[in-house]
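Presented below is the structure to which this report refers.
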Amino acid sequence: MVKCSREFYRKISKIGLEKRWKKEHSKVRIKKKMSPEKAAIHAYLCGDGCIKARADNRGYPHHDIRIYPDNYELAKTIVSFFQKEFNIEPKIRDLGNYFRIEIGNKPAFLNLIKIGYYNTYKWEIPRNLKRKSLIYWLRAFFDCESCVDLNNNAITLKSVNFEGLLEVNKKLKIFGIKSRVYGPYQPKNLQHSPMVSCL
C-alpha cells in the first residue's frame with residue numbers, strides 16, 4: 001500500500017477546488033455599464049446586506065455577498081436581478097422571521113465593490129445614475145429601510161448615515177417628491193447609534 005502525505009492530499013484538494021472555481025465562474029457575465037438591476041443590487045446591499053472578502057480555516061479565500069430581506073417575494077425579485085445582471089443565481093434561505101440571499105462569487109464581488117461604499121455609516125448613491133437606474137436604486141433602498149408612518153401620513157426612511165439621507169433627499173426632488181431630514185434621535189438603548197429620519 002502506498003502512503004500519501006498530507007501535502008499530497010492538500011495539493012489534490014487545491015486542484016479540485018480550482019477546477020470547481022473555474023467551472024462555477026466561467027458562466028458569470030460582467031457588464032461595465034451601470035444597469036438598473038445593478039443599481040438595485042447596490043441599494044439592497046447598502047440597506048440590508050453585506051459584502052466582504054474573507055479566508056476560511058484553511059486559508060482559502062471567499063467572496064461573500066449577502067442580503068437579508070424579510071419578504072419572500074422581494075427575495076425572489078432580488079435573485080432575478082442577479083440572474084439578469086450576472087447570470088448567476090444566489091440561494092434563498094428561510095431563517096424564520098427573514099430570509100438570507102447568499103452567494104460566493106469573486107467576479108460579481110469585484111464588480112460590485114468598485115461601485116462605492118456599502119458601510120452602514122458611509123453608503124452613498126452611485127454617481128451619474130441614469131433616471132431609470134436612480135429609480136431602481138431609490139425603490140430598492142426604500143424596500144429595505146422605510147416604513148409607513150400613519151400618524152404623519154408619510155413614508156419614513158431611517159438610517160444612521162446622515163449624509164446619505166441628505167443625498168436621498170436631494171435625489172427625491174428630481175421626481176418632485178418633497179422630504180425633510182430629521183434627527184439624529186438618541187435610541188433608548190445607548191449602545192445603539194443615533195438615528196436620523198427622512199420624511
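Taken together, the values in this text are just the output of simple stated rules run on the coordinates, not laboratory data. In this text the structure is predicted, and so the values were computed from the model without any measurement. Reconstructed Cβ throughout: ideal geometry from the backbone, glycine too, with neighbour counts over all protein chains shown.
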Pulled fully out, how much extra length does the chain show between LYS173 and ASP70, if you take 0.36 nm times their separation in residues and subtract their Cα-Cα distance? 34.2 nm
Under the rule of at least 5 residues apart or a separate chain, name every residue whose amide H is placed under 5 Å from the amide H of ILE155. ASP149
Pulled fully out, how much extra length does the chain show between THR77 and CYS147, if you take 0.36 nm times their separation in residues and subtract their Cα-Cα distance? 23.3 nm
Taking 0.36 nm per residue of separation and subtracting the Cα-Cα distance, what length does fully extending GLU163 through ALA53 add? 37.0 nm
Which distance in nm do the two modelled labels at ARG139 and ASP94 give, with both placed 7 Å along the Cα-to-Cβ direction? 2.7
Which net charge results when you count Lys and Arg as +1 and Asp and Glu as -1 among the other residues whose beta-carbon is under 10 Å from that of ILE92? +1
What shape does region 34-105 have by the C-alpha gyration tensor, where a ≥ b ≥ c are the square roots of the eigenvalues, rounded means a/c under 1.5, and otherwise prolate means a/b greater than b/c and oblate the rest? oblate
